[in-house]
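First the structure, in the form of structure tokens, and then the observations on it.
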Amino acid sequence: MDFIKTAIEPEMLPGKAYFFIFSNNDILVKKKFNNFVSIPLIEEKSITKMELNGICFLGMYKNTPCYCAHIHPAGLPDFYKLINLRSLYGKIDNGVWIISGYARQIHGWNMNFKFCGRCGAKTERNKNEHVRVCPMCGLISYPRISPAIITAVVKGHQILLGRGVNFPNKKMFSVLAGFVEPGEALEECVKREIFEETGINVKNIQYFKSQSWPFPDSLMIGFTAEYESGEIIIDTKEIVEAAWFKAENLPVIPGKQTLAGELIEWFVLNQS
Ligand SMILES: [Zn+2]
């Protein structure tokens with residue numbers, strides 16, 4: 001593994017470091033030729049000019065230190081631009097894209113947990129691990145991960161796909177997903193989400209695989225399931241449209257780098 005995660009910053013550091021710098025959902029990248037970009041590799045003396053805040057050590061990538069930080073969009077240096085973290089995929093090395101997602105989650109948590117949720121005092125960062133502690137009441141906050149299920153529901157030679165209200169691409173359909181509620185097992189969540197969103201009951205729920213999804217802090221847990229009963233009745237608060245699709249007649253779907261894309265590909269490969 002080229003990236004070693006650690007919150008413990010070494011005492012002796014090389015002159016340059018990778019900076020994963022965010023502004024809301026965007027990440028700062030250095031412009032390169034042909035639409036390619038790179039994560040800024042910055043010398044220590046240049047850091048002070050960039051007016052970053054919330055700087056936090058993340059670990060070492062190929063023996064180079066990595067940090068996350070925040071920048072104000074009005075103060076971007078020359079040859080840099082902000083791009084949406086999702087659209088960074090394919091424009092940089094895949095390993096660096098995964099570190100970018102990790103950086104986004106640690107950074108978001110650091111920014112959102114500056115104050116204690118119980119007593120309101122300013123929290124303090126720990127130098128040995130990613131944890132914020134309240135000096136007044138002792139409340140401990142670890143980086144938050146929000147688990148969500150995502151499920152390929154299959155009925156014979158068809159897969160159930162829906163178009164979500166909040167999808168950035170208005171033509172795209174995907175397998176159904178939803179957040180796990182407190183007190184709920186993952187399989188119960190699969191049954192509830194599919195039924196709430198589409199009115200379909202499912203059976204034979206099987207674990208597929210999982211994927212970190214840093215938009216902003218999800219862990220996607222993939223399942224496959226079989227249709228059991230029901231007709232499609234969509235929940236219009238969450239879904240614009242849902243339907244059964246055959247492998248040879250799929251609409252616009254997510255890319256294969258996403259767990260949704262992998263689940264749909266699994267369905268297609270099982271049709272021959
Ligand atoms: Zn407190």
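The values are calculated or read from the model by the stated rules, or taken from the named source; none is laboratory data. From a predicted model like this one, the values you see are computed outputs, not experimental measurements. Ideal geometry is used to build each Cβ from the backbone, glycine not excepted, and the neighbour counts take in all protein chains shown.
Within the range 140-167, residues that are free of Cβ contacts under 8 Å to residues at least 60 places away in the same chain sit with their Cβ atoms under 7 Å from residues that are in a strand (DSSP E or B), at 6+ positions apart or across chains, in these pairs: Ile140/Val133; Ser141/Arg132. Scanning the range 1-50 for residues that are without any contact (Cβ under 8 Å) to a residue 12 or more places away in the chain and touching a strand residue (DSSP E or B) at 6+ places or on another chain (Cβ under 8 Å) gives a single hit, Lys32.
Against the condition on the phi < 0 side of the Ramachandran plot, part of a helix (DSSP H, G or I), touching a Phe, Trp or Tyr at 6+ places or on another chain (Cβ under 9 Å) and surrounded by 12 or more Cβ atoms within 10 Å (Cβ to Cβ), how does Met60 come out, does it pass? No; evaluated as a whole, the condition is false for this residue. Remark: Ala243 matches the filter, which requires a residue to be more than 30 Å from Val96 (Cβ to Cβ) and part of a strand (DSSP E or B).
When each of Gly54, Gly108 is tested for being closer than 23 Å to Pro168 by Cα and surrounded by 13 or more Cβ atoms within 10 Å (Cβ to Cβ), the lone residue that passes is Gly108. With respect to (1) under 23 Å from Tyr102 (Cα atoms); (2) in contact (Cβ under 8 Å) with a residue 24 or more places away in the chain; (3) assigned to a helix (DSSP H, G or I), the lone exception for Gly261 is condition (2).
Residue by residue, here is whether (1) in contact with a Pro (Cβ under 7 Å, 6 or more places away or on another chain); (2) within 24 Å of Arg125 (Cβ to Cβ); (3) among the hydrophobic types (A, V, I, L, M, F, W, C); (4) in a strand (DSSP E or B) holds:
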| site | (1), (2), (3), (4) |
| --- | --- |
| Ala7 | no, yes, yes, no |
| Glu11 | no, yes, no, no |
| Ala17 | yes, yes, yes, yes |
| Ile27 | no, yes, yes, yes |
| Ser46 | no, yes, no, no |
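The strands (runs of 3 or more DSSP E) found wholly in the range 90-203 and carrying at least 2 residues that are more than 20 Å from the chain's Cα centre (by Cα) and either within 16 Å of the ligand (Cβ to nearest atom) or under 25 Å from Val252 (Cβ atoms) (or both) occupy 146-155, 158-164. Checked against the criteria, Ser229 does not count as small (Gly, Ala, Ser), at pLDDT 95 or above and either under 18 Å from the mean Cα position of the chain (by Cα) or within 19 Å of Lys171 (Cα to Cα) (or both). Counting only residues that are surrounded by 11 or more Cβ atoms within 10 Å (Cβ to Cβ) and touching a residue at least 12 places away in the same chain (Cβ under 8 Å), the range 170-191 holds 14 of them. Residue count for the range 135-158 satisfying the condition of being out of contact with any Asp or Glu (no Cβ under 8 Å at 6 or more places or on another chain) and not small (Gly, Ala, Ser): 9. Checking each residue in the range 116-127 for being of a type in the set (A, V, I, L, M, F, W, C) and either loosely packed, with under 14 Cβ neighbours inside 10 Å or touching a helix residue (DSSP H, G or I) at 6+ places or on another chain (Cβ under 6 Å) (or both) picks out Cys119, Ala121.
With respect to the stated conditions, Asn53 fails to be in contact (Cβ under 8 Å) with a residue 60 or more places away in the chain and either in contact with a His (Cβ under 9 Å, 6 or more places away or on another chain) or within 16 Å of the ligand (Cβ to nearest atom) (or both).
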